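In what follows, a single structure is set out as C-alpha coordinates and then discussed.
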Amino acid sequence: INKVKPEYVKSFEFVRKLLPSTWIVVRIDGRHFHGFSEEHEFEKPNDGQALNLMNSCAVAVMEEFKDIVFSYGVSDEFSFVLKRDSQFHDRHASGIVSVIVSFFSSMYVMKWKGFFPEKELKNPPSFDGRAVCYPTKEILRDYLAWRQVDCHINNQYNTCFWMLIKSGKSKSEAQDYLKGTRAQEKSELLVQQFGIDYQTLPDMFRQGSSVFWDKEDPTERYSDGPDGKSRKKVVVEHCNIIEQSFWEAHPNILDEER
Ligand code: DGT
Ligand code: MG
Ligand code: MG
Ligand code: MG
(Lines give C-alpha, C1' and ligand atoms only; values in the text may rest on other atoms or scores of the structure.)
(Ligands and ions follow the chains in the order given, each with its own letter.)
Protein backbone atom coordinates (compact mmCIF):
# COMPACT_ATOMS: atom_id res chain seq x y z
CA ILE A 1 0.00 0.00 0.00
CA ASN A 2 1.28 3.39 -1.03
CA LYS A 3 1.48 5.70 2.00
CA VAL A 4 2.41 8.82 0.09
CA LYS A 5 0.07 11.68 1.01
CA PRO A 6 -1.65 13.31 -2.00
CA GLU A 7 -1.16 16.80 -0.51
CA TYR A 8 2.57 16.19 -0.41
CA VAL A 9 2.71 15.09 -4.04
CA LYS A 10 0.45 17.97 -5.11
CA SER A 11 2.66 20.47 -3.28
CA PHE A 12 5.15 20.12 -6.13
CA GLU A 13 2.62 21.42 -8.63
CA PHE A 14 3.12 24.99 -9.48
CA VAL A 15 0.87 27.22 -11.58
CA ARG A 16 1.80 30.40 -13.35
CA LYS A 17 -1.07 32.84 -13.03
CA LEU A 18 -1.12 35.60 -15.59
CA LEU A 19 -1.22 39.19 -14.35
CA PRO A 20 -4.81 40.36 -13.74
CA SER A 21 -6.42 43.04 -15.93
CA THR A 22 -4.01 42.62 -18.82
CA TRP A 23 -4.58 41.53 -22.39
CA ILE A 24 -3.48 37.93 -22.71
CA VAL A 25 -2.08 37.04 -26.11
CA VAL A 26 -1.59 33.38 -26.96
CA ARG A 27 0.62 32.98 -29.99
CA ILE A 28 0.81 29.59 -31.59
CA ASP A 29 3.27 28.62 -34.30
CA GLY A 30 3.45 25.54 -36.52
CA ARG A 31 6.25 23.17 -35.53
CA HIS A 32 8.67 22.41 -38.37
CA PHE A 33 6.32 23.92 -40.93
CA HIS A 34 9.25 24.42 -43.24
CA GLY A 35 9.23 20.65 -43.72
CA PHE A 36 5.46 20.32 -43.37
CA SER A 37 4.85 22.80 -46.20
CA GLU A 38 7.43 21.02 -48.39
CA GLU A 39 6.00 17.54 -47.92
CA HIS A 40 2.48 18.79 -48.64
CA GLU A 41 3.68 20.80 -51.62
CA PHE A 42 2.33 24.15 -50.46
CA GLU A 43 2.57 26.83 -53.11
CA LYS A 44 5.46 29.21 -52.67
CA PRO A 45 5.73 31.67 -51.14
CA ASN A 46 2.03 31.67 -50.19
CA ASP A 47 -0.45 28.84 -50.38
CA GLY A 48 -3.93 30.34 -50.34
CA GLN A 49 -5.61 27.11 -49.25
CA ALA A 50 -3.11 26.50 -46.44
CA LEU A 51 -3.75 30.02 -45.16
CA ASN A 52 -7.53 29.59 -45.48
CA LEU A 53 -7.24 26.39 -43.45
CA MET A 54 -5.35 28.25 -40.71
CA ASN A 55 -8.02 30.98 -40.76
CA SER A 56 -10.84 28.47 -40.57
CA CYS A 57 -9.21 26.86 -37.51
CA ALA A 58 -8.90 30.30 -35.92
CA VAL A 59 -12.61 30.95 -36.50
CA ALA A 60 -13.40 27.63 -34.80
CA VAL A 61 -11.15 28.53 -31.86
CA MET A 62 -12.93 31.88 -31.45
CA GLU A 63 -16.35 30.25 -31.59
CA GLU A 64 -15.27 27.74 -28.94
CA PHE A 65 -13.45 30.11 -26.57
CA LYS A 66 -15.63 33.19 -26.26
CA ASP A 67 -13.08 35.19 -24.26
CA ILE A 68 -10.97 35.57 -27.39
CA VAL A 69 -11.87 38.93 -28.89
CA PHE A 70 -9.42 39.18 -31.78
CA SER A 71 -6.99 36.98 -33.69
CA TYR A 72 -4.29 37.74 -36.19
CA GLY A 73 -2.65 35.14 -38.40
CA VAL A 74 0.20 34.99 -40.87
CA SER A 75 2.21 32.08 -42.27
CA ASP A 76 2.07 29.19 -39.75
CA GLU A 77 1.23 31.35 -36.75
CA PHE A 78 -1.82 32.81 -35.05
CA SER A 79 -2.13 35.25 -32.17
CA PHE A 80 -5.24 35.05 -30.01
CA VAL A 81 -6.15 38.03 -27.86
CA LEU A 82 -8.24 37.36 -24.75
CA LYS A 83 -10.34 40.12 -23.25
CA ARG A 84 -8.64 42.00 -20.47
CA ASP A 85 -10.79 40.75 -17.60
CA SER A 86 -10.91 37.14 -18.82
CA GLN A 87 -11.08 34.50 -16.08
CA PHE A 88 -10.55 31.67 -18.56
CA HIS A 89 -8.80 28.78 -16.77
CA ASP A 90 -8.38 31.07 -13.78
CA ARG A 91 -5.74 32.87 -15.88
CA HIS A 92 -3.42 29.90 -15.52
CA ALA A 93 -0.99 30.14 -18.42
CA SER A 94 -0.54 26.42 -18.97
CA GLY A 95 -4.28 25.74 -19.05
CA ILE A 96 -5.04 28.58 -21.43
CA VAL A 97 -2.19 27.83 -23.82
CA SER A 98 -2.64 24.08 -23.88
CA VAL A 99 -6.37 24.08 -24.63
CA ILE A 100 -6.04 26.64 -27.41
CA VAL A 101 -3.10 24.86 -28.99
CA SER A 102 -4.65 21.41 -28.83
CA PHE A 103 -8.04 22.61 -30.08
CA PHE A 104 -6.39 24.40 -32.99
CA SER A 105 -4.27 21.35 -33.87
CA SER A 106 -7.29 19.03 -33.82
CA MET A 107 -9.24 21.46 -35.99
CA TYR A 108 -6.36 21.60 -38.46
CA VAL A 109 -6.53 17.83 -38.88
CA MET A 110 -10.34 17.71 -38.98
CA LYS A 111 -10.59 20.46 -41.60
CA TRP A 112 -7.65 19.33 -43.74
CA LYS A 113 -9.73 17.33 -46.24
CA GLY A 114 -12.15 20.19 -46.75
CA PHE A 115 -9.32 22.44 -47.91
CA PHE A 116 -7.13 19.83 -49.59
CA PRO A 117 -9.53 17.16 -50.90
CA GLU A 118 -6.85 15.80 -53.24
CA LYS A 119 -3.97 15.81 -50.75
CA GLU A 120 -3.36 13.23 -48.08
CA LEU A 121 -2.29 14.56 -44.69
CA LYS A 122 1.08 12.84 -44.40
CA ASN A 123 2.13 13.83 -40.89
CA PRO A 124 0.39 15.11 -37.77
CA PRO A 125 0.76 18.90 -37.54
CA SER A 126 1.70 20.30 -34.15
CA PHE A 127 1.96 23.83 -32.79
CA ASP A 128 3.88 25.47 -30.00
CA GLY A 129 2.20 28.12 -27.89
CA ARG A 130 3.04 30.87 -25.43
CA ALA A 131 1.08 33.42 -23.45
CA VAL A 132 2.17 37.01 -23.01
CA CYS A 133 0.36 39.76 -21.06
CA TYR A 134 0.09 43.26 -22.46
CA PRO A 135 -0.93 45.86 -19.87
CA THR A 136 -2.48 48.52 -22.12
CA LYS A 137 -4.46 48.73 -25.34
CA GLU A 138 -1.63 50.75 -26.87
CA ILE A 139 0.98 48.07 -26.15
CA LEU A 140 -1.39 45.36 -27.38
CA ARG A 141 -1.80 47.29 -30.62
CA ASP A 142 1.98 47.66 -30.86
CA TYR A 143 2.23 43.89 -30.51
CA LEU A 144 -0.26 43.32 -33.34
CA ALA A 145 1.48 45.95 -35.47
CA TRP A 146 4.76 44.10 -34.93
CA ARG A 147 3.23 40.89 -36.30
CA GLN A 148 1.75 42.71 -39.30
CA VAL A 149 5.02 44.47 -40.09
CA ASP A 150 6.69 41.06 -39.91
CA CYS A 151 4.10 39.71 -42.33
CA HIS A 152 4.88 42.49 -44.80
CA ILE A 153 8.67 42.21 -44.53
CA ASN A 154 8.65 38.42 -44.89
CA ASN A 155 6.12 38.43 -47.71
CA GLN A 156 8.00 41.02 -49.70
CA TYR A 157 11.27 39.15 -49.23
CA ASN A 158 9.72 35.76 -50.05
CA THR A 159 7.93 37.10 -53.13
CA CYS A 160 11.24 38.43 -54.49
CA PHE A 161 13.09 35.28 -53.48
CA TRP A 162 10.72 32.88 -55.23
CA MET A 163 10.48 35.05 -58.34
CA LEU A 164 14.29 34.95 -58.58
CA ILE A 165 14.21 31.16 -58.16
CA LYS A 166 11.53 30.82 -60.83
CA SER A 167 13.67 32.95 -63.14
CA GLY A 168 16.48 30.39 -62.83
CA LYS A 169 18.63 31.57 -59.91
CA SER A 170 19.83 29.11 -57.28
CA LYS A 171 18.75 29.59 -53.66
CA SER A 172 22.13 30.99 -52.64
CA GLU A 173 22.25 33.29 -55.68
CA ALA A 174 18.80 34.63 -54.79
CA GLN A 175 19.86 35.13 -51.16
CA ASP A 176 23.01 37.00 -52.17
CA TYR A 177 21.03 39.09 -54.63
CA LEU A 178 18.59 40.23 -51.92
CA LYS A 179 21.15 40.69 -49.15
CA GLY A 180 20.96 44.20 -47.73
CA THR A 181 18.26 45.40 -50.13
CA ARG A 182 15.73 47.88 -48.78
CA ALA A 183 11.95 47.65 -49.08
CA GLN A 184 11.99 50.24 -51.87
CA GLU A 185 14.61 48.30 -53.83
CA LYS A 186 12.65 45.05 -53.50
CA SER A 187 9.55 46.83 -54.69
CA GLU A 188 11.45 48.12 -57.76
CA LEU A 189 12.97 44.71 -58.41
CA LEU A 190 9.50 43.16 -58.59
CA VAL A 191 8.21 45.80 -61.00
CA GLN A 192 11.28 46.09 -63.22
CA GLN A 193 12.31 42.44 -63.51
CA PHE A 194 8.99 40.67 -63.14
CA GLY A 195 6.33 43.28 -63.89
CA ILE A 196 4.74 42.70 -60.48
CA ASP A 197 3.18 45.59 -58.61
CA TYR A 198 3.47 44.45 -54.98
CA GLN A 199 0.31 46.37 -54.04
CA THR A 200 -1.76 44.21 -56.40
CA LEU A 201 -0.85 40.92 -54.66
CA PRO A 202 -3.72 39.39 -52.66
CA ASP A 203 -4.55 41.22 -49.43
CA MET A 204 -4.32 37.98 -47.46
CA PHE A 205 -0.66 37.60 -48.43
CA ARG A 206 0.28 41.23 -47.79
CA GLN A 207 -1.80 42.00 -44.70
CA GLY A 208 -2.27 38.64 -42.99
CA SER A 209 -5.66 37.68 -41.57
CA SER A 210 -7.62 39.40 -38.84
CA VAL A 211 -10.40 37.39 -37.26
CA PHE A 212 -12.99 38.98 -35.01
CA TRP A 213 -16.62 39.07 -33.94
CA ASP A 214 -18.53 41.53 -36.01
CA LYS A 215 -22.04 42.76 -35.46
CA GLU A 216 -24.23 42.15 -38.46
CA ASP A 217 -25.79 45.19 -40.05
CA PRO A 218 -28.18 46.41 -37.31
CA THR A 219 -30.52 47.84 -39.95
CA GLU A 220 -31.30 44.31 -41.13
CA ARG A 221 -34.22 43.07 -39.06
CA TYR A 222 -33.53 39.36 -39.58
CA SER A 223 -30.15 39.70 -37.89
CA ASP A 224 -31.89 40.13 -34.56
CA GLY A 225 -31.52 37.22 -32.20
CA PRO A 226 -34.40 35.86 -30.11
CA ASP A 227 -33.42 38.20 -27.25
CA GLY A 228 -33.68 41.24 -29.54
CA LYS A 229 -29.90 41.76 -29.53
CA SER A 230 -28.24 41.79 -32.91
CA ARG A 231 -26.44 38.52 -33.60
CA LYS A 232 -22.72 38.44 -34.11
CA LYS A 233 -20.59 36.34 -36.35
CA VAL A 234 -16.88 35.72 -36.72
CA VAL A 235 -15.41 37.38 -39.78
CA VAL A 236 -12.01 37.10 -41.48
CA GLU A 237 -10.60 40.27 -43.01
CA HIS A 238 -7.28 41.13 -44.58
CA CYS A 239 -6.79 44.74 -43.64
CA ASN A 240 -4.34 47.17 -42.16
CA ILE A 241 -4.52 46.84 -38.36
CA ILE A 242 -1.55 49.11 -37.76
CA GLU A 243 -3.53 52.22 -38.66
CA GLN A 244 -5.86 53.85 -36.17
CA SER A 245 -8.75 53.71 -38.65
CA PHE A 246 -9.33 49.95 -38.24
CA TRP A 247 -9.75 50.27 -34.48
CA GLU A 248 -11.96 53.33 -34.87
CA ALA A 249 -14.18 51.40 -37.27
CA HIS A 250 -14.40 48.47 -34.84
CA PRO A 251 -14.45 50.01 -31.36
CA ASN A 252 -16.30 47.00 -29.91
CA ILE A 253 -13.36 44.62 -30.39
CA LEU A 254 -11.26 45.90 -27.53
CA ASP A 255 -14.24 47.29 -25.66
CA GLU A 256 -14.34 46.46 -21.97
CA GLU A 257 -17.95 45.33 -21.55
CA ARG A 258 -18.70 42.65 -24.08
P1 DGT B 1 9.57 26.10 -35.97
O2 DGT B 1 8.45 27.09 -35.94
O3 DGT B 1 10.76 26.60 -35.25
O4 DGT B 1 9.18 24.74 -35.55
O5 DGT B 1 10.04 25.94 -37.53
P6 DGT B 1 9.25 26.30 -38.85
O7 DGT B 1 9.86 25.48 -39.93
O8 DGT B 1 7.78 26.18 -38.65
O9 DGT B 1 9.67 27.82 -39.09
P10 DGT B 1 8.85 29.20 -38.99
O11 DGT B 1 7.64 29.09 -38.15
O12 DGT B 1 9.83 30.26 -38.63
O13 DGT B 1 8.47 29.47 -40.50
C14 DGT B 1 7.32 28.99 -41.11
C15 DGT B 1 7.66 28.04 -42.23
O16 DGT B 1 6.45 27.59 -42.83
C17 DGT B 1 8.52 28.66 -43.33
O18 DGT B 1 9.58 27.78 -43.64
C19 DGT B 1 7.61 28.76 -44.51
C20 DGT B 1 6.52 27.76 -44.22
N21 DGT B 1 5.24 28.27 -44.70
C22 DGT B 1 4.30 28.95 -44.00
N23 DGT B 1 3.27 29.31 -44.81
C24 DGT B 1 3.58 28.83 -46.04
C25 DGT B 1 2.92 28.89 -47.30
O26 DGT B 1 1.82 29.44 -47.46
N27 DGT B 1 3.56 28.29 -48.36
C28 DGT B 1 4.76 27.68 -48.21
N29 DGT B 1 5.33 27.13 -49.28
N30 DGT B 1 5.41 27.61 -47.04
C31 DGT B 1 4.82 28.19 -45.98
MG1 MG C 1 8.43 28.42 -33.68
MG1 MG D 1 6.76 27.40 -37.33
MG1 MG E 1 6.21 30.74 -38.00
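Some values worked out for this structure:
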| item | result |
| --- | --- |
| Per residue value of the accessible surface for the range 160-204 (all protein chains in place, 1.4 Å probe), Å² | 65 |
| Extended-chain gain in nm, criterion 0.36 nm per residue less alpha-carbon gap, Glu7 and Ser172 | 53.5 nm |
| Shape category assigned to the range 83-206 from the gyration tensor of Cα positions, a/c cut at 1.5 | oblate |
| Solvent-accessible area, 1.4 Å probe, carbon plus sulfur percent, for the range 92-137 | 61 |
| Loop sites in the range 13-43: chymotrypsin sites (Phe, Trp or Tyr not before Pro), DSSP, at most 10 other Cβ within 10 Å | Phe14 |
| Length-normalised contact order for the range 1-117 - Cα pairs under 8 Å, 6+ apart - percent | 37 |
| Summed side-chain charge close to Pro20 - residues other than Pro20 whose Cβ falls under 12 Å, Lys, Arg +1, Asp, Glu -1 | +1 |
| The chain: C-alpha pair distances exceeding 24 Å, % | 57 |
| Cβ-Cβ FRET estimate between Phe14 and Lys232, R0 fixed at 30 Å, reported to 0.05 | 0.20 |
| Accessible surface of Asp142 - all protein chains present, 1.4 Å probe, nearest 10 Å² | 100 |
| With all protein chains modelled, accessible area of Thr200 [1.4 Å, Å²] | 100 |
| Per residue accessible area of the range 80-157, 1.4 Å probe, in Å² | 50 |
| Pairwise label distance in nanometres, Asn158 with Lys215, each label 7 Å out on the Cα-Cβ vector | 3.6 |
| Fully extended contour minus Cα-Cα distance, from Glu248 to Asp150, at 0.36 nm per residue | 33.0 nm |
| GluC sites (Glu not before Pro) lying in DSSP loop within the range 20-79, provided at most 16 other Cβ fall within 10 Å | Glu41, Glu43 |
| Computed E for Lys179/Thr200 - FRET, C-beta separation, R0 25 angstrom, nearest 0.05 | 0.45 |
| Helical segments meeting 27 Å axial Cα length and Kyte-Doolittle 1.0 threshold in the chain (DSSP H) | 93-115 |
| Relative contact order (percent, whole number), the range 52-94, Cα cutoff 8 Å, 6+ residue spacing | 29 |
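The values are calculated or read from the model by the stated rules, or taken from the named source; none is laboratory data. Source: prediction; values computed, not measured. All Cβ positions, glycine included, derive from the backbone under ideal geometry; neighbour counts span all protein chains shown. With ligands, DNA and RNA removed, areas are computed over all heavy atoms of the protein, side chains included. Shrake-Rupley method; radii C 1.70, N 1.55, O 1.52, S 1.80 Å.
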